[in-house]
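Read through the structure below, which is laid out as structure tokens, and then see the notes.
The values are calculated or read from the model by the stated rules, or taken from the named source; none is laboratory data. Only a predicted model underlies this, so the values are computations on that prediction, with no experimental measurement involved. As a convention, Cβ positions derive from the backbone with ideal geometry for all residues, glycine included, and neighbour counts pool all protein chains shown.
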Amino acid sequence: MAIDVTNINSQLSGFLNASAKKTADQGAFEALLNDAVEKKDAVKLKKACQDFEGYYIQQLFTEMRKTVPDGGLLEKSQGNEIYEDMLYEEYSKNISSGKGFGISDMLYKQLSPKIK
């Protein structure tokens, strides 16, 4: 009797990829923020704050998606999850590049004295 582990392997690799992406996003934000402060660049600081807000909004959408019950017209698949992740990533970029939730503005106001 053979045990089918393909589903387990795909779920594990998806989890590891998501975990690595979160770590990379956090590292990229920290590097961008440090670079802006060291160079005393207000534009880079504003961009770092917007990126942080975008990441926060994306995490918010991801957690909200977990509350939606399964079912509907399309069955759950890895491709569907990837598409939804990309969709929410674009939503978060669009929201944070506009007026956003105001998190980036508050963060910028708090950090801007460090670049003066």
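Go through segment 100-113 and give me each residue that's surrounded by 12 or more Cβ atoms within 10 Å (Cβ to Cβ) and over 22 Å from Gln59 (Cα atoms).
Leu111, Ser112 - these are the residues of segment 100-113 that are surrounded by 12 or more Cβ atoms within 10 Å (Cβ to Cβ) and over 22 Å from Gln59 (Cα atoms).
Please verify whether segment 33-43 includes one or more residues that are among the small types (Gly, Ala, Ser) and surrounded by 10 or more Cβ atoms within 10 Å (Cβ to Cβ).
The answer is yes, given that some residue of segment 33-43 is among the small types (Gly, Ala, Ser) and surrounded by 10 or more Cβ atoms within 10 Å (Cβ to Cβ).
Per-residue answers, yes or no, for (1) among the acidic types (Asp, Glu); (2) touching a strand residue (DSSP E or B) at 6+ places or on another chain (Cβ under 7 Å); (3) in contact (Cβ under 8 Å) with a residue 12 or more places away in the chain; (4) in a helix (DSSP H, G or I):
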site	(1), (2), (3), (4)
Met64	no, no, no, yes
Asp85	yes, no, yes, yes
Glu89	yes, no, yes, yes
Asn94	no, no, no, yes
Gly100	no, no, yes, no
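Go through segment 46-81 and give me each residue that's loosely packed, with under 13 Cβ neighbours inside 10 Å, within 27 Å of Phe29 (Cβ to Cβ) and hydrophobic (A, V, I, L, M, F, W, C).
Scanning segment 46-81 gives a single hit, Met64.
Within the group Gly27, Gly14, Gly54, which residue is at pLDDT below 80, under 21 Å from Glu90 (Cα atoms) and in contact with a helix residue (DSSP H, G or I) (Cβ under 9 Å, 6 or more places away or on another chain)?
Gly14
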